[in-house]
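Chemist: Pasting a structure below so you can have a look.
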Amino acid sequence: MPWQQNQKYGSFKKLLIPTFELEREAGVLREELTALRERSEKESIHQAEICFSFLRIFLTSRLGRRAYLRTGKPLPPLQPLLPFLEEVRFFGMPDTVRGALFHWLKDNWKLQLIYHHPSGKEMLEAQSEGIRLLTIDWEAALSGQLVEGKRDAFEHLLHDLAHAYMFFRLDYDYEGQVKFFQRLYEVYEQYSPFLESNLSFREKFEYCISDMNSHPAHLESYWRAICKESNVPLYL
């Protein structure tokens with residue numbers, strides 16, 4: 001969780017608000033969020049634009065004019081979005097978020113927006129096809145609840161975008177990652193008995209297939225380590 005013993009932590013800690021304030025915030029933002037949701041359902045909008053609009057609602061609410069870093073120049077127009085993303089930098093977050101949105105909008109990267117929480121196997125299958133999934137949880141955003149008890153809906157999407165960047169970044173060997181996930185997806189069912197009987201292995205397995213985007217050499221090392229630790233066969 002991004003809060004521990006009343007202390008904020010993580011890459012997006014400058015953007016967090018206390019969990020007890022989330023419901024109040026949801027009430028303030030409900031009209032804007034509902035309008036965006038309805039617009040995304042009725043109009044043909046690039047998914048990157050939906051995500052940016054979602055993030056912008058929260059950024060503006062929480063930071064106001066501090067939402068974007070000062071560069072000595074006036075902010076460019078919001079539309080068209082591509083040159084805006086090329087020029088601005090967001091406050092309080094790694095540039096991976098902006099980078100992911102930028103490359104997605106240019107159709108350089110295969111990202112897919114969904115509105116549910118993918119299972120580990122669903123994310124593994126997507127990554128084996130070279131796709132990274134991202135989630136907007138409308139219900140959590142509109143109610144002010146945490147997503148899976150960990151992050152608010154705003155931070156959850158930021159987290160997904162940061163991971164997407166790591167999946168596609170050049171020095172993390174995108175093609176090598178895809179091949180690793182392809183191999184693992186092919187033998188997924190062979191690990192089912194161990195996932196059912198070993199909670200520790202299951203947690204680390206789920207992390208590897210859905211939340212660990214790294215160089216394939218690191219993925220391979222981690223995979224071998226958790227199998228050895230749990231006395232699970234290496235089917236890869």
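The values are calculated or read from the model by the stated rules, or taken from the named source; none is laboratory data. The model shown is predicted, which means the values in this text are computed figures rather than measured ones. Reconstructed Cβ throughout: ideal geometry from the backbone, glycine too, with neighbour counts over all protein chains shown.
Chemist: For Arg65, state whether it is in contact with a Lys or Arg (Cβ under 7 Å, 6 or more places away or on another chain), assigned by TED's automatic domain parsing to the domain that holds Leu134 and basic (Lys, Arg).
Modeler: No: the conditions fail for Arg65.
Chemist: Can I ask one more? Determine whether the range 113-129 contains at least one residue that is among the β-branched types (Val, Ile, Thr) and part of a loop (DSSP other than H, G, I, E, B).
Modeler: no
Chemist: Here's a follow-up. So which helices (runs of 4 or more DSSP H) stay within the range 172-234 end to end and still have 3 or more residues that are touching a helix residue (DSSP H, G or I) at 6+ places or on another chain (Cβ under 7 Å) and at pLDDT 95 or above?
Modeler: Once the helices (runs of 4 or more DSSP H) in the range 172-234 are filtered for at least 3 residues that are touching a helix residue (DSSP H, G or I) at 6+ places or on another chain (Cβ under 7 Å) and at pLDDT 95 or above, what remains is 174-186, 199-210, 216-229.
Chemist: Considering only residues that are in a loop (DSSP other than H, G, I, E, B) and touching a residue at least 40 places away in the same chain (Cβ under 8 Å), which ones fall in the range 144-164?
Modeler: Gly144, Gln145, Leu146, Gly149, Lys150, Asp152
Chemist: Same structure, new question: Does Lys106 satisfy the criteria of being of a type outside the set (Gly, Ala, Ser) and over 17 Å from the mean Cα position of the chain (by Cα)?
Modeler: Criteria met by Lys106.
Chemist: Taking Ile50 as the residue in question, decide whether it is hydrophobic (A, V, I, L, M, F, W, C) and either under 16 Å from the mean Cα position of the chain (by Cα) or outside any helix (DSSP H, G or I) (or both).
Modeler: Criteria met by Ile50.
Chemist: Please work out which residue is nearest to His163 (Cα to Cα), limiting yourself to the range 133-143 and to residues that are surrounded by 21 or more Cβ atoms within 10 Å (Cβ to Cβ) and in contact (Cβ under 8 Å) with a residue 40 or more places away in the chain.
Modeler: So the residue we want is Leu134.
Chemist: Among the residues of the range 1-38, write down those that are at pLDDT below 95 and of a type in the set (D, E, K, R).
Modeler: Correct list: Lys8, Lys13, Lys14.
Chemist: Could we say that Val97 is in the same structural domain as Glu25 (by TED's automatic domain parsing) and in contact with a His (Cβ under 6 Å, 6 or more places away or on another chain) here?
Modeler: Taking the combined requirement at face value, the residue does not satisfy it.
Chemist: Residues Glu125, Glu148, Glu86, Glu186: which one is surrounded by fewer than 20 Cβ atoms within 10 Å (Cβ to Cβ) and farther than 23 Å from Glu206 by Cα?
Modeler: The unique qualifying residue is Glu86.
Chemist: Looking only at the range 94-107, count every residue that is over 13 Å from Phe52 (Cα atoms) and either in a helix (DSSP H, G or I) or touching a residue at least 40 places away in the same chain (Cβ under 8 Å) (or both) and tell me the total.
Modeler: The qualifying residues number 2.
Chemist: Just give me the residues in the range 190-225 being touching a Phe, Trp or Tyr at 6+ places or on another chain (Cβ under 6 Å) and of a type in the set (Phe, Trp, Tyr), in sequence order.
Modeler: The answer is Phe194, Phe201.
Chemist: Among the residues in the range 186-206, are any within 18 Å of the chain's Cα centre (by Cα) and either over 23 Å from Tyr235 (Cβ atoms) or of a type outside the set (S, T, N, Q) (or both)?
Modeler: Looking through the range 186-206, at least one residue is within 18 Å of the chain's Cα centre (by Cα) and either over 23 Å from Tyr235 (Cβ atoms) or of a type outside the set (S, T, N, Q) (or both).
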